[in-house]
Amino acid sequence: MTAFKAYDIRGIYPSEINESFYFKLGVSITKFLNAKTLLVGFDARPSSKSLFKALVNGANENGVKVSTIGMTGTEVMYFTVGDMGFDAGVMITASHNPKEYNGLKVVGKGAFPVGEANGLKEIEKLVMDMEEPSAELLNKTPLYDEYDPYPRFREKINSIVNLSELPNLKVAVDAGNGTGGLVFNKIFKDTALDVTELYFEPDGTFPNHEANPTKPENLMDIKNVVKSENYDLGIALDGDGDRVVFIDDTGEDSVGYYIFTLLIEHLLNKIPNAKIVHENRLYWAIDDVINRNGRATSIESKAGHSFIKAKMREFNAEMGGETSSHFFYKEMYYADSSVLTIALILEMMKKSGKSLRKMLSALKSKYFVSGEINFKVNSPDVILNRIKAHYTKLGFEMDELDGIAFDKDRDWHVSLRKSNTEPLIRLNVEAKNQELVTKMVKEIESFIE
């Protein structure tokens with residue numbers, strides 16, 4: 001199985017990816033992007049430093065000047081590439097995947113994402129055509145300089161949200177032993193927030209729980225803390241810190257769909273004619289808030305950060321989002337930023353005087369959702385075609401922008417798509433009431449199982 005996915009590179013270390021592979025990536029990425037300068041960041045996984053050395057040696061072999069921001073969050077790499085004018089940037093990370101994985105996210109000049117549709121396939125071919133590097137090349141001392149990105153990164157966040165005016169709230173933050181805690185402290189350390197840190201020590205073996213806050217079991221610790229100690233808010237970050245999940249004051253996690261809708265409404269109060277890019281997994285609340293504004297524009301995209309960023313650039317959109325809790329901003333070079341998202345949610349809480357729970361209550365009482373349900377399957381295409389054939393026969397029109405999506409009289413809406421990174425089918429259902437959600441989930445489950 002290839003480590004080249006739809007919008008990044010991921011595989012099990014060392015069986016699917018290793019130092020030799022990363023050396024060749026260092027050569028191939030810089031060659032394809034015609035890069036003379038390269039910025040490299042890495043996460044906390046045990047293999048990341050060794051892979052970093054190999055990748056830098058590959059870039060050096062191609063005559064490239066390399067700078068590193070060290071162990072950091074992916075969003076910091078994105079911002080710094082755009083801010084400092086690097087020709088290319090890479091982040092050595094497997095994001096929220098389990099500890100045995102590692103990977104790579106690639107951007108070009110201006111933090112332009114490199115995915116399957118615009119370069120990863122060509123980079124893969126260059127890698128496959130290269131000879132294995134010698135031990136001498138792999139073991140060379142890599143040449144690079146170090147750069148501190150945080151002063152300018154914090155300055156940028158502060159230019160959008162005044163950090164000195166954040167509310168005095170009691171907040172618990174679970175960094176999952178990833179790199180998100182490092183970045184969080186760089187931005188919020190001197191604000192009015194009263195922060196309790198959970199698992200801020202970077203440890204890529206993830207000894208406490210997987211650094212994937214979209215799995216309910218990984219939120220148990222922070223939920224218990226928020227509920228038992230009367231916190232105003234909980235925040236959970238993934239392994240490389242670019243995905244954020246919020247916990248309200250009752251210990252209930254907020255769906256990314258609802259958070260995105262809040263963020264859109266907040267943005268439209270500032271920029272009424274904004275363009276918003278979103279996927280079609282869930283969209284009624286998003287469409288309603290955009291249509292209620294009357295001046296904003298809704299633009300659909302395939303799921304996946306490289307697809308959404310490309311669509312944002314195409315339409316010069318102010319904001320984009322995924323219901324999987326990734327949020328993208330034009331002001332951050334069209335990249336996802338959990339730190340800016342956190343600052344915006346805190347700003348909303350301050351200005352409204354409401355808790356997150358109260359801000360979300362109207363959405364939750366109107367738009368009922370299943371949450372994303374993942375099914376591990378051997379033949380996803382066969383299953384999706386079976387479901388498509390059944391509902392097409394019943395007269396439903398299929399939206400095939402990303403997998404299949406269909407609805408009936410807008411009483412319910414179903415979205416099914418293959419994962420771009422794992423052997424999964426992802427199901428999302430939204431409906432006018434919870435009973436319809438439950439009914440449709442069971443109906444779709446019967447086709448999959």
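Bear in mind that the values in this text are calculations on the coordinates, not laboratory data. Treat the numbers as computed from the prediction; the structure is a model and nothing was measured. Glycine gets a Cβ as well: all are built from the backbone with ideal geometry, and neighbour counts include every protein chain shown.
Restricting attention to the range 137-157, the residues being surrounded by 14 or more Cβ atoms within 10 Å (Cβ to Cβ) and without any contact (Cβ under 8 Å) to a residue 40 or more places away in the chain number 1. VAL244 fulfils the conditions (1) buried (at least 20 other Cβ atoms within 10 Å of the Cβ); (2) in contact with a His (Cβ under 9 Å, 6 or more places away or on another chain); (3) of a type in the set (A, V, I, L, M); (4) farther than 12 Å from VAL339 by Cα except for a single criterion, (4).
Report, by residue number, each residue of the range 383-401 that is more than 22 Å from PHE368 (Cβ to Cβ) and touching a residue at least 24 places away in the same chain (Cβ under 8 Å). The answer is ILE383, LEU384, ARG386, HIS390, LEU401. Among the conditions (1) in contact (Cβ under 8 Å) with a residue 40 or more places away in the chain; (2) in a helix (DSSP H, G or I); (3) buried (at least 24 other Cβ atoms within 10 Å of the Cβ), the only one that ALA59 does not satisfy is (1). ILE17 meets the conditions (1) in a loop (DSSP other than H, G, I, E, B); (2) among the hydrophobic types (A, V, I, L, M, F, W, C); (3) within 14 Å of TYR144 (Cβ to Cβ) in every case but one. The failed one is (3).
Filtering GLU279, GLU300 for residues that are more than 19 Å from LYS364 (Cβ to Cβ), touching a residue at least 60 places away in the same chain (Cβ under 8 Å) and surrounded by fewer than 20 Cβ atoms within 10 Å (Cβ to Cβ) leaves a single hit, GLU300. Just so you know, in the range 379-428 the residues that are assigned to a helix (DSSP H, G or I) and among the hydroxyl-bearing types (Ser, Thr, Tyr) include one that is surrounded by the most Cβ atoms within 10 Å (Cβ to Cβ), and it is TYR391. Note on the range 126-136: residues that are surrounded by 11 or more Cβ atoms within 10 Å (Cβ to Cβ) and among the acidic types (Asp, Glu) total 1.
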